[in-house]
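The values are calculated or read from the model by the stated rules, or taken from the named source; none is laboratory data. Just so we're clear, the structure is a prediction, and the values are computed from it rather than from any experiment. Here the Cβ positions follow ideal geometry from the backbone for every residue, glycine too, while neighbour counts run over all protein chains shown. Surface accessibility is based on the protein's heavy atoms, side chains included, excluding ligands, DNA and RNA. Shrake-Rupley method; radii C 1.70, N 1.55, O 1.52, S 1.80 Å.
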Amino acid sequence: MAVPRGFKWSGGVLDQAYEKCGQVTSEYAKTFYLGTQLMNPAQAKAVWAVYVWCRRTDELVDGPNASKITPKALDRWEERLEALFDGKPYDELDAALTDTAARFPLHIQPFRDMIEGMRMDLVKSRYETFDELYEYCYRVAGTVALMCMPIMGIEPSYKGQLEPVYRAALALGTANQLTNILRDVGEDAYQRNRIYVPLDELDKYGISEKELLTGLHAPTTGSMDDRWRNFMHFQITRARQYFTDAEGGVDLLAPQARWPVWSALILYRQILDAIEANDYDNFSKRAYVPKWRKMVSLPVAYTRALLPARRR
C-alpha cells in the first residue's frame, strides 16, 4: 500500500507514534518486546504497531469500558481500520499502523477477522464444540500470526511452498489462545459468565455448566475433582500438539524473527506446565511462569533460533 499524498504523519511525529507503540508493547508484552530487539528497527517498530492495534481492539470487549461497547462501536472501529489502511488514520497510534502497511505487504483481512472475533465476544458466551472454538481462536489469535508474517519474513534459503509456514503460524496462534483459555477458566466463569471450553467435551467428562461456574473442588478435601483433572489433561494435550505443529514453521522464519517467536512459544507452553503444577486448579490459582524461569528460557529460545531443526 502506498501512503497517499496528504498523509500528515511523518518525521518526528511518526517517530513519536512508534515510540509510544514500543512503550505499550514493553509494558504489556515484556518478553516479546525483548525479542523484537533482535529484529531490524523497521521490523521491530512494525510489530509494535500491530501489537498496539490488536491490544486496543481486544480492550474494546475486555477492557474497563467493555460493558458500554455495542456492535455499533465495533462497526465504528472497523471504519477506523478501513480509514487507516486508506492512509487516513484517526490518531498517532493508527498512523503507526498506516505507515507499517505502507512499508510491508500487510493485508487488511486478518484485521477485519479479529474485529469479528470481538463481535463473537459480544454475543457468544458458550461454545458447543471445538470446531466453534477453533473459529474463535483463529479470529482473536490466529489472525495475529497472519498480520505479523509479512513483517517477520521467511528464511532466505527456503524455496518451498508458503502454505506450511502460514499453517504453522496459525497453529501457534491457536495454541496461545487455547493456553489463555485454560489459564483463565475461573476468571472467565466468575467475572464474565463465559465458558470457552467446548460444552460437548465437558459433557463427555460428566461436568455440568453449573459445576464449572462454581468451581470443581472436591467438597471433602478441597482438591480438584478427578473429572476436572481428566478433562484438563485432555485439553492441555491438545494445546501442546498445536505448539508442536507450530515448531517447524518457526524454523522457516527469517533469522531475526525466530528468537522472539521461539520465546513466545516456549514461555506460553510453560503456562500449561504451571496449570499442571497447580493440580489443574484454574479456579482459585492463576498459572504463571516465574521470572527466573523466563530468564532461563530466553537463552534456550535463542539457541533454538540459531539452530533450526534442519541444521541440527
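Estimated at 0.36 nm per residue, the fully extended path between K124 and Y158 surpasses their Cα-Cα distance by 8.1 nm.
On the beta carbon distance between Q109 and D226, with R0 = 51 Å, the FRET formula returns roughly 0.70. Between E187 and Q37, the FRET efficiency from the beta-carbon distance, with R0 = 35 Å, is close to 0.65.
Ranking R56, R76 by solvent-accessible area of protein heavy atoms (1.4 Å probe, all protein chains present), from largest to smallest, gives R76, R56. For the chain, the longest principal axis of the Cα atoms and the long axis of helix 163-183 meet at an angle of about 50 degrees.
Between 0 and 90 degrees, the angle of helix 11-28 with respect to the longest Cα principal axis of the chain falls at about 10 degrees. Note on the stretch 124-312: with charges restricted to the Cβ of Lys and Arg (+1) and Asp and Glu (-1), its dipole about the Cα centre is near 880 debye.
The radius of gyration of the Cα set in the stretch 81-174, together with its Dmax, comes out at 15.3, 46 angstrom. Measuring from centroid to centroid over Cα atoms, what is the spacing of the stretch 60-110 and the stretch 13-52 in Å? The distance from the Cα centre of the stretch 60-110 to that of the stretch 13-52 comes to 17 Å. Expressed as a fraction of 2.2 N^0.38 Å, the value expected for a compact globular protein of N residues, the C-alpha radius of gyration of the stretch 10-108 is 1.09.
Entry comment: accessible area of the stretch 116-262 is 43 Å² per residue, from protein heavy atoms only and a probe of 1.4 Å. Taking the accessible area of the chain, probe 1.4 Å, and keeping the other protein chains in place, the carbon and sulfur fraction comes to 53%. Across all directions, the average flat footprint of the convex hull enclosing the Cα atoms of the stretch 134-225 is 8.3 nm².
Were the residues from K204 through E82 laid out at 0.36 nm apart, the gain over their Cα-Cα distance would be 39.6 nm.
With contributions of -39500 (n - 2.57) from each DSSP H run of at least four residues, the per-residue ellipticity at 222 nm computed over the chain stands at -22000 deg cm²/dmol. Entry comment: accessible area of the stretch 10-108 is 49 Å² per residue, from protein heavy atoms only and a probe of 1.4 Å.
Quotient of the Cα radius of gyration of the stretch 124-312 and 2.2 N^0.38 Å, N being its number of residues: 1.11. Of all lysines in the structure, the ones whose alpha carbon falls short of 21 Å from that of K20, not counting any fewer than 8 places away in one chain, are K8, K30, K45, K88. Centre-to-centre separation between the Cα atoms of the stretch 161-209 and those of the stretch 224-301: 13 Å.
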